[in-house]
1. Out of all the residues in segment 198-230, which are under 26 Å from VAL301 (Cα atoms) and surrounded by 18 or more Cβ atoms within 10 Å (Cβ to Cβ)?
2. Could you say whether any residue in segment 304-312 is surrounded by 17 or more Cβ atoms within 10 Å (Cβ to Cβ), under 18 Å from the mean Cα position of the chain (by Cα) and not in a strand (DSSP E or B)?
3. Considering only segment 192-253, give the strands (runs of 3 or more DSSP E) lying wholly within it that have at least 2 residues that are among the polar types (S, T, N, Q) and under 19 Å from the mean Cα position of the chain (by Cα).
4. Check whether at least one residue in segment 311-320 is at pLDDT 95 or above and within 20 Å of GLN94 (Cα to Cα), and report yes or no.
5. Which condition number in (1) among the small types (Gly, Ala, Ser); (2) under 25 Å from ILE238 (Cβ atoms); (3) in contact (Cβ under 8 Å) with a residue 24 or more places away in the chain; (4) touching a Leu at 6+ places or on another chain (Cβ under 8 Å) is the one that SER197 fails?
6. Are any residues in segment 117-148 within 20 Å of the chain's Cα centre (by Cα) and polar (S, T, N, Q), and if so, which ones?
7. Looking at segment 139-190, which of its residues are among the polar types (S, T, N, Q) and either in contact (Cβ under 8 Å) with a residue 24 or more places away in the chain or surrounded by fewer than 16 Cβ atoms within 10 Å (Cβ to Cβ) (or both)?
8. Specify the residue that is nearest to ASP150 (Cα to Cα); the eligible residues are those in segment 231-280 that are surrounded by fewer than 17 Cβ atoms within 10 Å (Cβ to Cβ) and among the basic types (Lys, Arg).
Amino acid sequence: MFNRSTSGLALLLLALLACKKGETTAASAAASASAAPKPAAGAAPKVPFEEKVAKSKPLAPSPAAQSLGSKKVEATLCKLPAPLLAPSASNVIQALEVVGDQLLIADQDGVIHGYKVTSAGGCSLSVDAAFGDGGKLKLPNKIEHFSKTDAGLVIAASGIFDTYAIKDGKKLFDCKATGHFEVEPGGKWGIVPWVNSTVEIADLDKDSCSKKDWVLKHLSDDAKREGLFKNINTSAVIGGKIYMGGIPAAKIGGREPRIVVIFDKAGKELGRFGNEEKAFGDDVFGWIHGISACGPNVCAVDSNYRRLSVWSADGKKHLGSIELSKLLGVSGTSAWINDISLAKDGAVYLPVGQEREGNSGVGEGLVFRVTGL
């Protein structure tokens, strides 16, 4: 039977319990808040990247012509349709490649940007809306390396993941070769090194590729290593020959020099260049970031020393070096110059990543067209 006085007492007890529960919850929340870690005294709040960009000033490089023997080498800053910016100057431009009148850039996220190049009266880049999706192509993995054939096929590599063949802004096929794929100009095969892994060699068909191990194997294993290198910095295929820059396993005078070795396709050594005896000099490499043909010779980019050195194609003669900080008018201590690409007109294109002034935390990407080599 329902009793009014009993029910009133019950309601009173329920109300008291609810109040107690609310007090307990509030006390628990207060205790949790007081136990939460507090920012260190004097720690500056994190500034959003967009705010850093708004406070920063664009770079204003001042290129200056340099001499290389009897040659006058000049650099022109290419005008971009919009700034290339990233928190890190070292990856604002991951890779660069010139293909006909088109220039490709892999940005910090591994997305490929397609630009049209105009070199009449200077250097200007405009978005190629027909490339990919409105000028950008995002592949299944982040792209960090390019190479190309004479016919305009581009091999876009992601490093440890798949490699992709693209043309006219569209992906043609995947390739399971893993590493920084360097295709030979005829498009029949390519060499695929990756840091200290076994080097692969790949054969290309019109819609596929096949890979196998090359002669340099187990680079990271002293007991199983085959070949002279323990680390590959970069590579290129020029005139059917493989140019491979890296660190030999055997120390020389207690040092680990960086050198470029020339191989034939079968892996036979044909020559080498880079001073192995000295620690300093304009024929010494700190790290080899890019190798390319330049005229009848071979150019090597060393971002550690901000230097471009020129060698005879057989590696027997060092023809001279250029300080890139002076040629491009960029920082001699922080500019990151990690690639080189040869255009059909004989010019080479260089990417530069550099932090905007004043510890801005904003890395800006620049592109230069270099002539006279």
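The values are calculated or read from the model by the stated rules, or taken from the named source; none is laboratory data. What you are looking at is a predicted structure, and each value in this text was computed from that prediction instead of being measured. Neighbour counts run over all protein chains shown; Cβ positions are idealised from the backbone, glycine included.
1. Correct list: THR198, VAL199, GLU200, ILE201, ALA202, TRP214, LEU216, LEU219, GLY227, PHE229, LYS230.
2. yes
3. 229-238
4. No, the conditions are met nowhere in segment 311-320.
5. Checking SER197 against (1) among the small types (Gly, Ala, Ser); (2) under 25 Å from ILE238 (Cβ atoms); (3) in contact (Cβ under 8 Å) with a residue 24 or more places away in the chain; (4) touching a Leu at 6+ places or on another chain (Cβ under 8 Å), the one that fails is (3).
6. ASN141, SER147, listed by residue number.
7. Of the residues in segment 139-190, the ones among the polar types (S, T, N, Q) are 141, 147, 149, 158, 163, 178.
The answer is ASN141, SER147, THR149, SER158, THR163.
8. LYS265
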